[in-house]
Amino acid sequence: MKKHNISLQVNGAVHEVTIQPNKTLLDVLRDELNMPETKYGCGTGECGACTVLVDDQKVINSCLTLAATMDGKSITTAAGLQTADGTLHPVQEAFVENAAVQCGYCTPGMVLKSVGLLKKNPNPSEDEIREWLEGNICRCTGYEKIVTAVQLAGKKIAQADS
Amino acid sequence: MTEFRTVGKSEIKIDVKAKVTGRAVYAADINLPGTLHAKIVRCYEHAHAKVKSLDLSEAAKMPGVVKVFAPEDLTTKFYNQSVIDTMVSEDMRGMLGDIEDQKILTDYVKHYGDGIAAIVATTEEAAERASERIKVEYEPLPVYLNAAESSQQGAVQFTPQKPHNMAFKLPEPAFPNNALGWGDADEGFKEADIIVEDNFYTSKQKQAQMEPNSYIALYDDDGLLSCWTSTQMPKSVQPKIAKLFNLPMSRVRIKQTVVGGGFGARLGMVLEPHICALAMALPGRPIKVQSPREEDWLTSPSRHPGDYWMKMGFKKDGTPVACDAKFVNYKGGYYLDGSGVAFTAGGWVSGLYKFGALRYKGESYFTNQPVCGAYRGYGNPQTNFVLEQLVDRACHELNIDPVEWRKKWHKDVGDDGWCAGIPYASCALDEVLDEGAKAIDWKAKRERYAKQTGVKRRGVGVAVMVHTSGAMPMLLEHTVCTVRLNEDATAVVAFACSDMGQGSHTTLRQIAAETLGFPLEDVSLSVGDSNDAGYDIGAHASRTLYVGGGAVMAACKDALKQLLERAATMLEANPDDLEIEDKQIFVKGSPNRKVSASEICSGGVYPFLNPQTGAPDSIPGQILGYSSFNPMHNSPPFGACFVELEVDTETGEIKLIEMVNGHDIGRAINPAVVEGQLEGGAQQGLGMALTEELYFGTDGKVLNNTFTDYKMLGPSDMPKITNVIIENPDPHGPFGAKSVGEAGLVAPVGATANAIYNAIVIQITELPITPEKILKALNEKHAN
């Protein structure tokens with residue numbers, strides 16, 4: 001199998017990696033770059049545990065994305081949302097304060113998916129949040145505290161911006 | 001009310017920052033140097049077959065393959081992946097008929113996805129590619145997908161130990177006539193003015209925790225077998241693995257990784273035997289297995305499906321004179337905890353209402369389906385679906401309000417609990433029902449929905465439940481806890497209790513801090529390695545806060561007692577006259593006669609000798625509190641759930657509108673954790689009621705082992721949720737607390753069914769209640 005050289009910017013750092021064309025972005029993040037914060041939940045784009053943020057705008061399922069198509073892109077994982085001094089992103093803070101986390105396996109993906117929503121729509125309604133999160137499965141919380149955490153995060157971001 | 005420092009506060013959960021950044025380490029995230037990758041090769045051609053020939057030679061030659069394994073290449077000793085056998089005496093084990101009927105790899109396939117071979121390679125991909133070169137020939141056998149088929153005359157026998165494929169029935173003499181209950185049900189029915197009776201089917205629901213199964217094992221140069229696993233029960237898995245491989249427990253170490261959800265699927269073992277066997281076959285190399293998501297439906301235990309028949313008799317005034325019931329469950333291919341749900345389903349009937357007489361029979365039969373074991377609720381949701389619908393049918397016929405009937409006839413303080421001989425010590429169900437009814441506006445809605453016309457019909461339903469806090473007296477209850485006081489008067493609390501995400505480590509830490517009188521941040525936990533803490537059964541039966549909390553309290557009291565005794569010596573006072581506040585110990589009423597906890601703790605760790613006298617300057621010895629705790633009760637929590645929904649009579653679709661989940665908690669140690677359990681339980685209970693079921697083709701192949709086809713309720717499907725948490729401290733629980741882990745799932749099942757009954761005056765007797773079943777029932781009703 002012919003290998004490809006690609007350049008990935010992950011959480012601000014540039015990585016030049018040589019990969020097989022059949023490797024997904026999830027494979028490369030976890031196995032090549034040793035960044036296990038992005039989770040394998042189903043491998044078929046059904047659960048959203050592998051969600052990452054691309055070019056600070058768009059959220060995708062990294063398990064459905066061939067890494068070779070990501071050449072030159074900037075990827076943000078859940079660990080990358082935190083600043084170097086340890087400050088959490090407002091969405092992460094809201095998840096912490098609102099007890100929106102139980103087993104935590106869906107959480108990195110859920111946090112990034114929520115970040116993606118708030119970038120598009122800084123003040124979403126409850127229904128808009130619920131619909132947006134449909135591709136991300138949580139089996140612990142019944143979604144209740146996640147939905148209210150996203151609302152809280154929206155307020156935190158608005159306050160920080162004002 | 002007593003003032004608490006941390007109990008009753010929604011403290012931030014211990015591991016939550018690591019989880020929002022993704023830094024929490026799950027088993028799949030661990031990559032030890034030199035790791036090899038394993039694949040378990042499964043049978044996807046048949047659900048019941050003998051392996052006639054297995055040729056691994058081509059697979060062995062594939063690039064990257066280190067070794068291939070047929071069944072006889074690993075231990076062929078039988079085992080049982082559940083851990084119920086470790087929780088009962090040998091006599092009891094015999095009476096329950098517990099057997100070992102599983103092998104790591106098999107040449108007799110009993111369900112779709114049974115494991116027939118294993119490959120270890122340098123990469124996952126190499127193992128996967130090699131598995132395609134395995135040649136296997138099968139001799140297909142008839143496939144049995146329910147108890148009626150597998151118990152018929154002439155059926156292939158799954159194991160010679162269980163004639164007629166009957167895995168279990170309630171045993172004589174503990175249960176005369178193989179039934180549990182009281183009184184004479186046949187006589188009881190003679191007094192009845194009305195009888196309600198029906199046959200129900202309850203579904204094969206799957207926990208579907210978000211973390212797929214991943215394990216690592218290493219058999220190292222010192223002969224130590226280490227296994228990294230997200231089991232709910234590390235200290236019960238340790239002796240099971242030791243026994244399977246004939247090792248002393250000193251050579252088996254279970255390292256519990258962060259558990260990405262359990263709900264019963266990780267009660268006991270899943271692939272721990274496999275990964276440990278492979279590690280022992282390849283000493284010195286860490287072996288890792290990452291089980292694909294679709295395998296989870298096939299390899300870890302599900303809820304028991306089955307046929308549930310029930311009959312109840314009532315007098316005109318609502319008096320329940322008798323109940324007769326039988327639950328025949330489909331065990332799947334192997335025994336596991338075959339006795340458990342067959343018994344408890346009846347226990348939950350017996351614990352709930354004051355029937356004049358009760359006769360419950362429970363049986364388990366092998367079927368060619370993936371295994372059944374523990375799933376949050378353990379027989380209770382099945383019983384709730386059946387019992388609560390028939391109660392509502394009787395209330396409808398007798399024109400009695402379902403809330404009022406339940407208030408009048410539920411069991412209460414002093415009545416026998418789910419296990420005869422352990423009477424209820426606390427019960428706030430009346431208050432839960434009253435507050436819940438108020439929150440959903442029960443009376444007004446029932447009145448309004450009685451007079452509906454049109455395509456869309458609203459309904460509001462109620463169901464109640466009782467559960468347990470720990471499994472005594474049927475099963476062992478035991479947790480060990482140690483509390484070590486550091487020289488700066490901070491504490492390290494060590495126990496083996498599991499946190500599967502429910503927040504138990506956080507709440508146990510709150511109990512420790514409250515008992516010691518220390519600030520929360522001065523208490524740290526030592527958890528996760530089977531060598532670091534004493535015995536604990538593991539997380540099941542909603543026991544962790546209740547039994548673990550009891551153990552933590554007792555160990556902290558022991559440490560505190562030692563601290564106060566030393567303070568008493570130093571202050572020349574009686575220990576009973578001392579108080580601790582902000583880690584200062586002083587004589588009650590004389591705040592100036594005081595000594596700091598850190599002075600005592602430091603003196604214990606650093607008992608420097610006085611050069612003049614040769615005697616220590618301080619009281620020597622680091623303080624270590626200890627408890628080996630067995631609870632004296634199982635303090636059942638009660639719950640009432642109200643569901644409001646809308647049925648589209650043209651499409652059969654159901655829209656959930658609102659639910660009120662009421663719970664008699666005893667005491668909420670951490671209210672946010674309690675709410676999280678109720679809300680998460682609701683998602684699984686509502687899903688069981690409406691969408692969740694594993695489907696099979698007639699050949700036994702599983703049809704929907706993916707998240708797209710196994711439909712769970714998503715964020716938009718969930719109703720508005722209101723939690724009603726009633727605190728009525730229980731005399732036995734830590735700070736009065738009772739359990740909440742399983743309870744939130746149970747009553748939503750019956751309440752949903754009863755809301756549908758209220759909306760369309762039809763009871764659906766088969767789970768899940770899909771639009772197809774609603775439409776069929778509506779059509780049949782119109783045809784009549």
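The values are calculated or read from the model by the stated rules, or taken from the named source; none is laboratory data. Because the structure is predicted, anything quoted here is derived from the model rather than measured. Note that each Cβ is placed from the backbone with ideal geometry, even for glycine, and that neighbours are counted across all protein chains shown.
So, in region A:122-133, of the ones that are more than 9 Å from chain B (Cβ to nearest Cβ) and exposed (fewer than 14 other Cβ atoms within 10 Å of the Cβ), which residue ends up nearest to residue A:104 (Cα to Cα)?
Only one residue fits best here, namely A:126.
In region A:36-53, what residues are outside any strand (DSSP E or B), touching a residue at least 40 places away in the same chain (Cβ under 8 Å) and surrounded by 21 or more Cβ atoms within 10 Å (Cβ to Cβ)?
Once the filter is applied, which keeps residues that are outside any strand (DSSP E or B), touching a residue at least 40 places away in the same chain (Cβ under 8 Å) and surrounded by 21 or more Cβ atoms within 10 Å (Cβ to Cβ), region A:36-53 yields A:37, A:38, A:39, A:41, A:47, A:48, A:49, A:50.
Only one of B:332, B:313 is buried (at least 24 other Cβ atoms within 10 Å of the Cβ), modelled with pLDDT of 95 or more and on the phi > 0 side of the Ramachandran plot; which?
That would be B:332, the only listed residue that is buried (at least 24 other Cβ atoms within 10 Å of the Cβ), modelled with pLDDT of 95 or more and on the phi > 0 side of the Ramachandran plot.
So residue A:27 passes all but one of these: (1) facing chain B (nearest Cβ under 9 Å); (2) among the charged types (D, E, K, R); (3) buried (at least 20 other Cβ atoms within 10 Å of the Cβ). Which condition number does it fail?
Result: residue A:27 passes all but (1).
Scan region B:579-593 and tell me whether some residue there is out of contact with any helix residue (DSSP H, G or I) (no Cβ under 8 Å at 6 or more places or on another chain), on the phi > 0 side of the Ramachandran plot and surrounded by 18 or more Cβ atoms within 10 Å (Cβ to Cβ).
Within region B:579-593, not a single residue is out of contact with any helix residue (DSSP H, G or I) (no Cβ under 8 Å at 6 or more places or on another chain), on the phi > 0 side of the Ramachandran plot and surrounded by 18 or more Cβ atoms within 10 Å (Cβ to Cβ).
Would you confirm, using the coordinates I've provided, whether residue B:754 is under 29 Å from the mean Cα position of the chain (by Cα) and polar (S, T, N, Q)?
Taking the combined requirement at face value, the residue satisfies it.
Within region B:460-497, can you find the residues that are of a type in the set (Ser, Thr, Tyr) and at pLDDT below 95?
Matches in region B:460-497: none.
Please verify whether region B:507-526 includes one or more residues that are within 14 Å of chain A (Cβ to nearest Cβ), in contact (Cβ under 8 Å) with a residue 24 or more places away in the chain and touching a helix residue (DSSP H, G or I) at 6+ places or on another chain (Cβ under 7 Å).
yes
Please verify whether region B:269-278 includes one or more residues that are on the phi > 0 side of the Ramachandran plot and part of a loop (DSSP other than H, G, I, E, B).
No, that holds for no residue.
Taking into account only those residues within region B:440-499 that are among the polar types (S, T, N, Q) and under 30 Å from residue B:346 (Cβ atoms), which is surrounded by the fewest Cβ atoms within 10 Å (Cβ to Cβ)?
Once the filter is applied, the top-ranked residue is B:498.
Give me the strands (runs of 3 or more DSSP E) completely within region B:597-666, filtered to those with at least 2 residues that are at pLDDT 95 or above and of a type in the set (A, V, I, L, M), ordered by residue number.
In region B:597-666, the matching strands (runs of 3 or more DSSP E) lie at B:638-648, B:654-664.
Among the listed residues B:238, B:209, which satisfies the condition of being within 14 Å of another protein chain (Cβ to nearest Cβ) and either crowded, with 21+ Cβ neighbours inside 10 Å or among the acidic types (Asp, Glu) (or both)?
Criteria check complete, one pass: B:209.
So which helices (runs of 4 or more DSSP H) are wholly in region B:1-116 and hold at least 3 residues that are surrounded by fewer than 17 Cβ atoms within 10 Å (Cβ to Cβ) and away from chain A (no Cβ under 14 Å)?
B:57-60, B:90-96
Within region B:672-725, which residues are over 23 Å from the mean Cα position of the chain (by Cα), within 14 Å of another protein chain (Cβ to nearest Cβ) and among the polar types (S, T, N, Q)?
Those that are over 23 Å from the mean Cα position of the chain (by Cα), within 14 Å of another protein chain (Cβ to nearest Cβ) and among the polar types (S, T, N, Q): B:704, B:708, B:716, B:722.
Identify all residues within region B:669-699 that are surrounded by 24 or more Cβ atoms within 10 Å (Cβ to Cβ) and among the small types (Gly, Ala, Ser); write none if there are none.
B:676, B:680, B:681, B:682, B:685, B:687, B:689
When you go through (1) outside any loop (DSSP other than H, G, I, E, B); (2) more than 28 Å from residue B:78 (Cβ to Cβ) one by one for residue B:192, which number turns out not to apply?
So the condition that residue B:192 fails would be (1).
Do you know which residues across region B:160-179 are in contact (Cβ under 8 Å) with a residue 12 or more places away in the chain and buried (at least 18 other Cβ atoms within 10 Å of the Cβ)?
B:162, B:165, B:166, B:167, B:168, B:169, B:170, B:179 - these are the residues of region B:160-179 that are in contact (Cβ under 8 Å) with a residue 12 or more places away in the chain and buried (at least 18 other Cβ atoms within 10 Å of the Cβ).
Can you pull out the residues in region A:74-90 that are in contact with a Leu (Cβ under 7 Å, 6 or more places away or on another chain) and more than 7 Å from chain B (Cβ to nearest Cβ)?
Listed by number, the residues that qualify are A:75, A:76, A:89.
Yes or no, residue by residue, for (1) under 30 Å from residue B:781 (Cα atoms); (2) not aliphatic (A, V, I, L, M):
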residue: B:598; (1), (2): no, yes
residue: B:624; (1), (2): no, no
residue: B:643; (1), (2): yes, no
residue: B:650; (1), (2): yes, yes
residue: B:658; (1), (2): yes, yes
residue: B:662; (1), (2): no, yes
residue: B:668; (1), (2): no, no
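Go through region A:134-161 and count every residue that is touching a residue at least 40 places away in the same chain (Cβ under 8 Å) and at the interface with chain B (Cβ under 9 Å from one of its Cβ atoms).
The qualifying residues number 6.
Anything in region A:12-29 that is over 13 Å from residue A:75 (Cα atoms) and either within 18 Å of the chain's Cα centre (by Cα) or part of a loop (DSSP other than H, G, I, E, B) (or both)? List them, or say none.
Correct list: A:20, A:21, A:22, A:23, A:24, A:27.
Go over the candidates B:233, B:166 one by one and state the one that is away from chain A (no Cβ under 14 Å), over 20 Å from residue B:77 (Cβ atoms) and within 24 Å of the chain's Cα centre (by Cα).
B:233
Using the structure shown, decide if residue B:270 is under 22 Å from the mean Cα position of the chain (by Cα) and more than 12 Å from chain A (Cβ to nearest Cβ).
So residue B:270 passes the test.
Just one of B:644, B:658 is away from chain A (no Cβ under 14 Å), charged (D, E, K, R) and farther than 30 Å from residue B:497 by Cα; which is it?
Among B:644, B:658, only B:644 is away from chain A (no Cβ under 14 Å), charged (D, E, K, R) and farther than 30 Å from residue B:497 by Cα.
Quick check on residue A:107: is it in contact with a helix residue (DSSP H, G or I) (Cβ under 9 Å, 6 or more places away or on another chain), facing chain B (nearest Cβ under 9 Å) and closer than 15 Å to residue A:60 by Cβ?
So residue A:107 fails the test.
Of the conditions (1) in contact with a Gly (Cβ under 7 Å, 6 or more places away or on another chain); (2) over 30 Å from residue B:384 (Cβ atoms), residue B:631 clears all except one; give me its number.
Every listed condition holds for residue B:631 apart from (2).
Hey, residue B:446 hits all of (1) assigned to a loop (DSSP other than H, G, I, E, B); (2) among the charged types (D, E, K, R); (3) outside the structural domain of residue B:566 (by TED's automatic domain parsing) but one; which does it fall short on?
(1)
Out of A:9, A:57, report the one residue that is touching a helix residue (DSSP H, G or I) at 6+ places or on another chain (Cβ under 7 Å), more than 14 Å from chain B (Cβ to nearest Cβ) and in contact (Cβ under 8 Å) with a residue 12 or more places away in the chain.
Going through A:9, A:57 in turn, the sole match is A:57.
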